[in-house]
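Below you'll find the structure, written out as structure tokens, and then a few comments.
The values are calculated or read from the model by the stated rules, or taken from the named source; none is laboratory data. Everything quoted here is computed from the prediction, not taken from an experiment. Backbone-built Cβ (ideal geometry, glycine too); neighbour counts: all protein chains shown.
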Amino acid sequence: MKKLRNALFIVGFTFGALACNPSKDGSPSPERDTQLSGKWELTQIRYGLTGKVATPQEAGYTETLNYNNDGTFNRLRNGKEEEKGSFTTANIENIAGFTTAIYYQNTTYQPYRIQENILRLYERAPIGGVLADGATYEYRKL
């Protein structure tokens, strides 16, 4: 009985993981969400497993994201550029309540949503990968 229960758990987990695939072939459609354009400042981090909420000061860093209309972006941490490149956006299957994602240089993706000038970004993952429990980063538009 225990072996059957374990086998059913594995099958259920596998189907659940496959249902969360960001797209059928793992690549984004060539779109850009114009709401994303602009400068965003990190205001809080909500850790998935514990539910703990931290401010940037508590986390030990500040972060600003700049998404441009031409499909380029940069990320500043403590005022220094940490990353820059290109991005697109695409609709995805539901991942932790998110149905759109940012695809960075076609190597990683990050589910997101925007409500009332608040950008919520779920944990970033390699294209084709799905995180079971990640942090959500909240930014306000400047």
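Remarks
- Residue in region 119-129 that is in contact with a strand residue (DSSP E or B) (Cβ under 6 Å, 6 or more places away or on another chain), under 13 Å from Leu36 (Cα atoms) and β-branched (Val, Ile, Thr) present: no
- Of the residues making up region 88-106, those that are of a type outside the set (Val, Ile, Thr), under 26 Å from Ala59 (Cα atoms) and touching a Phe, Trp or Tyr at 6+ places or on another chain (Cβ under 8 Å) are Ala96, Phe98, Ala101, Tyr103, Tyr104.
- Of all residues making up region 97-142, the number that are exposed (fewer than 15 other Cβ atoms within 10 Å of the Cβ), within 12 Å of the chain's Cα centre (by Cα) and acidic (Asp, Glu): 1
- Here the condition is being more than 17 Å from Glu41 (Cα to Cα) and not in a loop (DSSP other than H, G, I, E, B); of Tyr103, Tyr137, Tyr112, it holds for Tyr103 alone.
- Odd one out for Tyr122 among (1) in contact (Cβ under 8 Å) with a residue 60 or more places away in the chain; (2) of a type in the set (Phe, Trp, Tyr); (3) touching a Leu at 6+ places or on another chain (Cβ under 9 Å): (1)
- Within region 50-68, residues that are surrounded by fewer than 14 Cβ atoms within 10 Å (Cβ to Cβ) sit with their Cβ atoms under 9 Å from residues that are at pLDDT below 95 and of a type in the set (Phe, Trp, Tyr), at 6+ positions apart or across chains, in these pairs: Val53/Tyr47; Ala54/Tyr47.
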